[in-house]
Every structure is written in C-alpha cells, then in structure tokens.
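Let me begin by presenting the structure, written as structure tokens, before commenting on it.
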Amino acid sequence: MQTADTLLDSIAPAQGQPGREILDPATGSVVGTAPEHTVADLEAAVQAAKAAQPAWAALGHEARSRALLAAADAVDAHAEELARILSREQGKPLNGPNARFEVGACSAWLRATAATVLEPETVAEADGSTAVLQYRPLGVVGAIGPWNWPMMIAVWQVAPALRMGNTVVVKPSEYTPLSVLALVRVLNSALPEGVLAAVSGGREVGAALSSHPRIAKVMFTGSTATGKAIIRSSADTVKRLTLELGGNDAGIVLPDVDPAAIAEGLFWGAFINTGQTCAALKRLYVHEDIYHAVCDALTEYAKNVPMGVGLEEENVLGPLQNKAQYEIVRDLVQSAKDSGARVLLGGDPDEAQPGYFYPTTLVADIDNANPLVAEEQFGPALPIIRYSTVDEAVEMANGVEVGLGASVWSADQAGAREVAARLEAGTVWINNHGAVNPMAPFGGAKQSGYGLEFGVEGLKALGQPQVIHG
Ligand code: NAD
C-alpha cells in the first residue's frame, strides 16, 4: 500500500513540467505540488477519452458495474492515505463528518452507482408495435468541481458518467487539485486505461472544457456565477449540462420543538465542513416563542465543538479552505456586527494565528436583509432570525434567488411536510439538514442549478434518451 506521500509523489509533475505548490490552509506548510496543465493538455486528454469511449461502452452495464466495484475496493484500500491528503489540502479534519467520512462516501457512492439499474422502458404500445425508451452513452463527459468536498463531488460526477458508458475528463478546483488527482490515480488502478483522466488547471481549462466540441456533457458543481459562464460557453455546442450551484439554505424551526433536542442536529446542519457545504443550513428562522431557548441551546452545543488542525484527531472543525473565503466570512460577520446584530458566540477571529481559522459564530437579532443572511456566507457563521407566523417564515425562506436545500424542524411530521412543500428548494429535510442518500435524487431549484444527481434519475442525466418504435 502507498503512503500519502508516495501517492502525492506519483501525481507530482514530471521533471521540467510546470507545477504549483499547494499550501495547507491550517498551517501554511507545503502539502505537495500539482501539475499545472494547460489547454493543450486538455486537448490531449479529450482526444484520448474519445478514443477509449467506444470500447468502454461496448463492455456493457455488468462489466462496467464490476469495474466501479473494483474502483470502490481500491478507494477503501487507500482510504487513510486519501483522507490525509484531503485533510491537509482542504483543511477538513480527519475525524467527524469530514475527511475520512468523505473518502468513505466515495466508495459508498461508487458501489451504489454500480448497483443502480436503468432498464429500457416501454412507453407506448399500439397496433402491435411498441415505443421503447432507452439510454445510449453521450460520449465524453467533462466534470468540473469545487474545493469544499472535492473527492466526493468528483465521484458524484464520475461514477454515473462511467456507469452509463461515457468516458470522463475531470477538472478539479485549482484550490484542491491534489485530492482529486490522488483519487483519480487510485480509481485508475482499477479502471481500464483511458476511461478517466484528470486535467489540473485553472479557470481557462474549465472554460475550454465547457466549450469543447468533443465534450458531450458537462457536470458542474460550483458557484452560480461560474454556472452562468458555463451555460454561455457551452451554448454553441448545445452541450448537456447538470449544474449544481450555490445555495443559501433556510431552516425553519416551528414553535413545537424541544430546543435542546434539536441543537446538535441544527449545529451539524449548519457547520458541517466548517460551513463550507453547498446544502448547509445558512439562515435559521426561529419562532419568537422559542427564540431565546433555541439560541441558548445552540450556543451551549456549539461552544464545545473543537476546531483546529485537521490531522489532530480531537478536531472536528477546521479552517476555511482559502484566504478569499476567509475574507468573505470575516466581512459578512463584520457587516452584521456593524448593523447592531448580537453575537452569541465567536465573531472575533485571531488574525495573529496561522491558518484561515474563523471561530464558530452565531449571530442573533439580525435583520433578514442583512448581507450575512441574504448572501451565501459559506463558512462557520450562522445568522438566527426571529419570526412570528409561518407565512412570514416561508416568505423569508423563499425570498432569495437560490433554492438548493431547506429544512423544517417540528415535533409534528404532517405539519412539517406541509411547510416543506411550500419551500422553493430542490430538497427539504425534516428535523435534519443536509443528509444525502445515493438513491434519492439531488438538485437545485431556481439559481441553484438544474438537473439531478444520484439514483436512477442521476443515471438518466448521463445518457442520451432514445426512443425506438418497432
Ligand atoms: P467556483 O465556481 O469558483 O469554481 C468551481 C470550478 O469551476 C473550479 O474548478 C473552477 O476552476 C471552475 N471554473 C471557474 N471559472 C470557470 C469557467 N469560466 N468555466 C468553466 N469552469 C470554470 O466554485 P467554488 O468556489 O470552487 O465552490 C464553491 C461554490 O460551489 C459555492 O457557491 C457552493 O454553494 C457551490 N457548491 C454547490 C454544490 C451543489 O451540489 N449544488 C456542491 C458544492 C459546492
């Protein structure tokens, strides 16, 4: 078995090739060097993927599923090395719902995708003839990912694409290339040559991928602004797109809950991956009758959750992944403080400390129009807004242009479902926020994107529908 360092060596640029040092966001130390691939490298990768695709498609579903299961075994065999690379590069701790959890999700999703079956469907029958809907491979799929859950999201994109007989070129975020390159290296130890490649470059490589005439589909997860750029650059080739974009998820706490019983769930719904999660709770609406009790219970829970360097086993919260994100969170909390909002916890970063650590922050008595509420803060700072009627809470929850996830917290399942159905979000959780399941379709409403991932719907998104009448 390779160590994390030998895995990093195996993905480093060859002698004389350009590379970029990647720094640990917790300590500033060098994690490794990522190759700096260019648009010319992308061109070569796309040509190779195109050449490999017919044979991969010809293998058929069963053989491709077996290959995905072998890839899952390879991930499991390298789980600890992968988790250590992820922790050092992304900043997320090994423990808690973080690096080891993310690597575990990679093999779990590979296995679930291998086991998912998309059968041809007879959609009409008349006069002795039938119309059968089936799905052909699309060709070469481009997968462009973000830096918050870099390995897991790469697998969410790659696994269904491969399962459906496509070959794939992955473009990781320039902030977290080592994690994805290491993962692809491990996956490729089990996959046939040429079906999966990674090109590690910046925005220009992403832009070239999304306008490339030989890329049939782009799976994109990232910000709404980049999603819009990809829509534009993919237009000339009428590329298929699945867009998982930004969110600003609301949680609505109804007055019938026990605040102490939901505090842990609320906390992890908001602070998983130190708040750097697309479908995390980012605006908490609490009924006025229990507002203080919920604020107190959440503060009580949050103040004891350890944050620090990811490789230290006791930590379960880490730094922000990069300086730009640190500054966004710092400035948004400052704007809330300047407006007179009440800081219950945190809000006072120690700028002398190394690393992009921002303390766990809870902000109460904040106006719904404040930027900390209205914008996606993507960090460990949760605004808690008071409401008096459910109609008011629903209106505030729906009052943004994005709609990825949302949650309703209540002792009454039926009542909570009624509120859930009124929320403009692709997923709504009851008494939970953010738990995903490989069989339950996941995707955004409004400017959080379009298209679905996971399960049978996710496979359909990676195939070309074809109806045969006969
Ligand atoms: P980002 O949009 O800045 O970058 C994402 C990727 O797009 C990177 O690989 C980047 O190199 C590439 N890119 C940049 N410009 C491009 C262009 N013009 N054409 C093609 N590719 C280009 O996003 P980020 O900061 O890495 O990620 C954070 C964002 O992602 C947040 O908004 C978060 O909510 C969102 N996100 C959404 C989901 C989801 O499932 N909906 C999941 C995770 C993250």
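Brief remarks follow.
- For residue 217, the lysines whose Cα falls under 17 Å of its own Cα, not counting residues fewer than eight places away in the same chain, are 50, 171, 228, 239, 460.
- Once both labels are positioned 7 Å from their Cα atoms along Cα-to-Cβ, the gap between residue 389 and residue 17 label points is 6.3 nm.
- Fraction of the pair-distance distribution of region 249-430 above 31 Å, Cα-Cα pairs, percent: 11 percent
- Distance between the modelled labels on residue 256 and residue 40, one decimal in nanometres: 6.7 nm (7 Å Cα→Cβ projection).
- Karplus-derived 3J(HN,Hα), 6.51/-1.76/1.60, for each residue of region 209-224, Hz, glycine and proline x: 5, 7, 10, 5, x, 9, 8, 7, 8, 10, 9, 10, 10, x, 6, 5
- For region 206-356, alpha-carbon Rg and Dmax in angstrom: 19.5, 58
- Applying a DSSP loop filter and a limit of 13 other Cβ atoms within 10 Å to the GluC sites (Glu not before Pro) in region 326-376 leaves 351.
- Converting the Cα gyration tensor eigenvalues of region 163-293 into ellipsoid dimensions via √(5λ) gives semi-axes, longest first, of 39, 19, 13 Å.
- Cβ-Cβ distance of residue 313 and residue 435, R₀ of 25 Å, FRET efficiency by 1/(1 + (r/R0)^6): the value works out to about 0.55.
- Using a Förster distance of 45 Å, the FRET efficiency for residue 398-residue 303 (Cβ separation, nearest 0.05): 0.90
- In the calculated pair-distance distribution of the chain, the portion above 39 angstrom amounts to 23 percent of the Cα-Cα pairs.
- Between the Cα long axis of helix 79-90 and the first principal axis of the chain there is an angle of about 60°, rounded to the nearest 10.
- With N as its number of residues, region 96-150 has a Cα radius of gyration that, divided by 2.2 N^0.38 Å, comes to 1.86.
- Rounded Å value of the spacing that divides the Cα centres of region 315-336 and region 424-470: 30 Å
- Each Lys or Arg adds one and each Asp or Glu takes one away; over the other residues whose Cβ falls under 9 Å from the Cβ of residue 114, this sums to +4.
- Region 41-87 gives an Rg/Rh value of 1.14, both radii derived from C-alpha positions and Rh following Kirkwood.
- Note on residue 59 and residue 123: the model spin-label points, each 7 Å out from Cα along the C-beta direction, lie 2.9 nm apart.
- As a fraction of the 1.4 Å probe accessible area of the chain, surface on carbon and sulfur atoms comes out at 53 percent.
The values are calculated or read from the model by the stated rules, or taken from the named source; none is laboratory data. Please read all numbers here as calculations on a predicted model, not as lab measurements. FYI the Cβ positions are ideal-geometry reconstructions off the backbone, even for glycines, and counts take in every protein chain you see. Only protein heavy atoms, including side chains, enter the accessible area calculation; ligands, DNA and RNA are left aside. Shrake-Rupley method; radii C 1.70, N 1.55, O 1.52, S 1.80 Å.
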